[in-house]
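Here, each number is a calculation from the coordinates, and none is a lab measurement. What you see is a predicted model; the values in this text were computed from it and never measured. No Cβ is skipped: glycine too gets one built from the backbone with ideal geometry, and neighbour counts run over all protein chains shown.
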Amino acid sequence: MEDIYDVTIIGGGPSGLYSAFYAGLRELKTKIIEYKSTLGGKLHVYPEKIIWDIGGLTATPAHKVIENLVEQGLTFNPTVCLDTKVDIVTKKDNYFIIETSKGEKHFSKKVVVAVGGGIISPIKLHVEGAEKFEVSNLHYTIRGIQSFKNKSLLISGGGNSAIDWAKDLVGIAKHITVIYRGENLTAHEAQIRYLKENDVPIITNTQIKSLVANEQKTKIKEVILENVETNEISTILVDDVLVNHGYDRDHSFAFDAAVNPQRDAEYQYYLTTNGKGLTTVDGIYAIGDISKHDNKVYLITGAFQDAINAINDIKQKLEPTADKVAMVSSHNEMFEERNREIITKTLVNG
């Protein structure tokens with residue numbers, strides 16, 4: 001049997017990464033299991049989105065937040081398993097068995113569920129031949145705003161993400177057109193108003209009917225649009241197409257019946273916790289967006305507090321004589337050498 005870890009964190013997003021950092025600080029043997037090939041969670045959906053709600057950190061692009069979170073999360077060298085999908089968690093004796101779709105088994109004294117809103121994948125455009133343009137100018141995420149500079153852009157979608165994209169690209173793209181299959185956009189009114197004030201055309205009751213390739217068959221050059229009420233057809237010339245029709249969420253991660261934590265009565269996806277991350281099953285914790293308790297804050301900052309509370313509780317459960325919390329970082333001997341290096345570097349660089 002493999003080594004038994006003190007804590008295994010399922011999910012490598014903000015809450016999972018901060019849990020790994022804090023678990024290392026508390027000298028717990030730690031493992032992260034992440035479904036995707038990279039750490040960072042759903043912040044990867046829009047890497048250039050500006051994050052404002054982390055205390056002490058001024059407005060920062062999501063990709064930089066990811067970079068910092070990953071560096072911090074790996075400070076104490078946790079074991080990291082990427083491209084690994086958890087199928088089921090069971091329990092034997094005093095440890096949990098985490099089984100994956102690869103047929104692997106991971107063993108842990110405690111489990112922290114940090115899977116956010118589940119495994120998300122963008123809903124693809126259901127148009128014949130669309131997939132061949134995904135390597136060129138059909139996009140489901142924004143990897144770099146400047147790549148759309150001076151481009152004619154069609155955005156399909158009426159939710160917050162699609163309208164956020166349009167708003168952020170005003171003044172960068174040469175021309176933006178937004179289409180939406182419904183009658184009324186579902187995004188925040190202020191964002192919609194911003195688009196209207198900046199003369200961004202918004203065409204409702206309209207969907208993409210087909211894509212027309214350039215002569216080389218490598219890129220989309222025209223999009224055929226269809227009015228869903230009148231069936232009227234129109235054509236628009238484009239340099240790029242951005243699609244946000246929502247996300248498929250994989251909630252297939254399950255627990256054995258013997259260790260099945262209670263879920264929220266209204267929203268069955270969420271796991272109810274006691275405010276310290278502990279679910280109704282001793283040894284299984286839930287933090288970040290999947291956690292539900294009376295004082296829950298659904299911000300990245302809230303996820304950090306969830307992580308601290310859960311890890312401190314785990315530390316005391318594993319070592320009853322341990323301090324309730326870790327010593328503040330500025331005085332913690334775990335950082336003594338690192339702090340000296342930082343101070344020296346600051347003095348040298350003046």
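For the chain, which span is the longest to avoid every loop-located (per DSSP) member of trypsin sites (Lys or Arg not before Pro) having at most 10 other Cβ atoms inside 10 Å?
1-216
Among the chymotrypsin sites (Phe, Trp or Tyr not before Pro) within segment 207-270, which fall in a DSSP loop and have no more than 14 other Cβ atoms within 10 Å of their own Cβ?
Listed in order of number, the matching sites are 267, 269.
Quick check for me: using +1 on Lys/Arg Cβ and -1 on Asp/Glu Cβ, what's the dipole size of the chain about its Cα centre, in debye to the nearest 20?
Using Cβ point charges on Lys, Arg, Asp and Glu, the chain gives about 320 debye.
Going toward the positive end of the dipole of the chain, with +1 on Lys and Arg Cβ and -1 on Asp and Glu Cβ, which of 298, 244, 19 do you reach last?
In the chain, that residue is 19.
What list of ³J(HN,Hα) values in whole Hz, one per residue of segment 197-203 in order, does the Karplus curve 6.51 cos²θ - 1.76 cosθ + 1.60 (θ = phi - 60°) give from phi, with Gly and Pro shown as x?
Result, rounded to whole Hz: 5, 9, 6, 8, x, 10, 10.
Find which of 207, 191, 230 sits farthest along the positive direction of the dipole of segment 126-245, computed with +1 on the beta-carbon of Lys and Arg, -1 on that of Asp and Glu, about the Cα centre.
Of the candidates, 191 comes out farthest on the positive side.
Amide H to amide H under 5 Å from residue 5: which residues, 5+ apart in sequence or cross-chain, H placed 1.01 Å off N in plane?
107, 108, 109
If the reach is capped at under 12 angstrom between alpha carbons, list the aspartates and glutamates near residue 91, excluding any in the same chain fewer than eight residues apart.
Answer for residue 91, where 12 Å is the Cα cut-off: 99, 256, 282, listed by chain and number.
Expressed in whole Å with the largest first, what are the equivalent ellipsoid semi-axes of segment 126-245 derived from the C-alpha gyration tensor as the square root of 5 times each eigenvalue?
21, 18, 12
If I model a spin label as a point 7 Å beyond the Cα along the Cα-Cβ vector, how far apart are those points for residue 345 and residue 134 in nm?
3.9
For labels at residue 224 and residue 249 in the simple 7 Å Cα→Cβ model, what's the distance in nm?
Those two pseudo-labels are separated by 3.6 nm.
Please give the length that would be gained between residue 79 and residue 141 if that part of the chain were fully extended, namely 0.36 nm times their separation in residues minus their C-alpha to C-alpha distance (nm, one decimal).
Fully extending the segment from residue 79 to residue 141 adds 19.4 nm.
For 334, 327, what's the fewest-to-most ordering of other Cβ within 10 Å of each Cβ?
327, 334
Between [x] 22.6; [y] 30.1; [z] 20.1, which matches mean projected area of the Cα convex hull in nm² calculated for the structure shown?
[x]
Run the helix sum for the chain: -39,500 (n - 2.57) per DSSP H stretch of 4+ residues, divided by residue count, reported at 222 nm to the nearest 500 deg cm²/dmol.
Mean residue ellipticity, 222 nm, calculated: -7000 deg cm²/dmol.
Would you mind checking which residues have amide H under 5 Å from residue 123's amide H? H placed 1.01 Å from N; only 5 or more apart, or other chain.
Amide H neighbours of residue 123: 245, 246, 247, 248.
Let me check the size of segment 168-231 from its C-alpha atoms; what are the radius of gyration and Dmax in Å?
My reading of the Cα-based Rg and Dmax gives 13.9, 41 Å.
How big is the gap, in Å, between the Cα center of segment 61-110 and the Cα center of segment 173-231?
What the calculation gives is 40 Å, centre to centre.
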